[in-house]
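As structure tokens, the structure follows; a few thoughts come after it.
Bear in mind these aren't lab numbers, they're just calculated from the coordinates by the rules spelled out. Quick caveat, the model's predicted, so the values are computed rather than measured. Note that we place each Cβ from the backbone using ideal geometry, even for glycine, and neighbour counts take in every protein chain shown.
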Amino acid sequence: MPEKEPFQSDRSFYALDQYPYGIGRSGEFTEANAQLLEDHGWAYQELDQCVRTPDCQEETNFLLVCQGKRKPQTDHEIAWRRFCDKTGSVRAVLRNVSSVQMTPVEDLGESSIDLDF
């Protein structure tokens, strides 16, 4: 039995809340990326939100990109990452925050902030 085609979706993805005139007309995506988003955006979103489990290796790799464990390499991964970055999705924000080096509180020493109310 042949492997299932990756990122199958039975409906088109338009993201009208973010792009009321359409993803392709936004000017933020190449024509190819806009087409990938419209054709597969629901699958991308469901994988990203862990509503859908990966059905093949390509979808598993995509999920690793969504979790920030792998850099985007395929056209699918690049299109979705760009969409998330442009729309300010929660995952995109978390990916950016997790890449920042944080200083543990105990390393900051004495605080000069007086918290008496």
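Within region 7-58, can you find the residues that are buried (at least 19 other Cβ atoms within 10 Å of the Cβ) and over 17 Å from the mean Cα position of the chain (by Cα)?
none
On the basis of being out of contact with any Gly (no Cβ under 9 Å at 6 or more places or on another chain), in a loop (DSSP other than H, G, I, E, B) and acidic (D, E), does D39 make the cut? Step through it out loud before you land on a result.
Details: out of contact with any Gly (no Cβ under 9 Å at 6 or more places or on another chain): yes; in a loop (DSSP other than H, G, I, E, B): no; acidic (D, E): yes.
For D39, the condition - out of contact with any Gly (no Cβ under 9 Å at 6 or more places or on another chain), in a loop (DSSP other than H, G, I, E, B) and acidic (D, E) - is not met.
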